[in-house]
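Please find one structure pasted underneath; my questions will follow.
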């Protein structure tokens with residue numbers, strides 16, 4: 001069973017990784033042209049996607065990693081390379097992003113931002129998934145995974161609540 005100290009540490013770590021308060025601004029910016037009911041629906045869909053993603057990682061992440069022969073250290077190395085490449089792309093990219101009319105129309109569809117980019121990768125990104133995966137691997141008992149699941153569900157609910165009341169400034 002996961003200790004109280006480890007559980008408190010997990011809550012603090014996941015809260016800071018998911019950053020529900022900081023991501024309210026991102027959510028508000030992505031939903032500026034939506035009605036209040038659409039914003040609530042997108043917030044609920046996003047929170048559901050966050051919870052499902054992190055619960056799948058909690059309960060089956062170690063099986064997937066074993067299947068592909070991965071370890072936590074290989075994930076860390078791959079994550080470092082990805083962050084390096086993103087940083088280099090940000091430094092040296094001079095091209096303009098262009099969107100077709102079909103892409104712009106798709107971006108305006110009702111729930112198009114709920115799962116991607118809000119749930120994945122903004123809130124439940126690679127760092128959050130790795131945090132949940134490591135916590136589940138440190139103590140793989142069913143009770144520990146259930147405790148991790150409760151934390152994930154509560155924080156996903158907090159995201160839903162905060163995102164539901166997000167309004168552009």
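The values are calculated or read from the model by the stated rules, or taken from the named source; none is laboratory data. On a predicted model such as this, the values are computed, not experimentally measured, just so you know. Cβ sites come from the backbone with ideal geometry, for glycine too, and all protein chains shown count toward neighbours.
Only one residue in 48, 7 is more than 14 Å from residue 160 (Cβ to Cβ) and either surrounded by 12 or more Cβ atoms within 10 Å (Cβ to Cβ) or out of contact with any helix residue (DSSP H, G or I) (no Cβ under 7 Å at 6 or more places or on another chain) (or both). Which one? Outline the logic, then answer.
Numbers: 48 fails: more than 14 Å from residue 160 (Cβ to Cβ).
Just one listed residue meets the conditions, 7.
Check 63, 15 and return the single one that is surrounded by 13 or more Cβ atoms within 10 Å (Cβ to Cβ) and assigned to a helix (DSSP H, G or I).
15
Go through segment 18-40 and give me each residue that's in a helix (DSSP H, G or I) and either touching a helix residue (DSSP H, G or I) at 6+ places or on another chain (Cβ under 8 Å) or under 23 Å from residue 130 (Cα atoms) (or both). Before the answer, list the steps.
Of segment 18-40, the ones in a helix (DSSP H, G or I) are 18, 23-30, 36-40.
18, 23, 24, 26, 27, 30, 39, 40 - these are the residues of segment 18-40 that are in a helix (DSSP H, G or I) and either touching a helix residue (DSSP H, G or I) at 6+ places or on another chain (Cβ under 8 Å) or under 23 Å from residue 130 (Cα atoms) (or both).
For residue 110, all conditions in the list (1) touching a helix residue (DSSP H, G or I) at 6+ places or on another chain (Cβ under 8 Å); (2) modelled with pLDDT under 95; (3) part of a helix (DSSP H, G or I) hold save one; what is the number of the exception?
That leaves (3) as the condition not met.
Output the residues belonging to segment 66-100 that are surrounded by 10 or more Cβ atoms within 10 Å (Cβ to Cβ), modelled with pLDDT under 80 and assigned to a loop (DSSP other than H, G, I, E, B).
99
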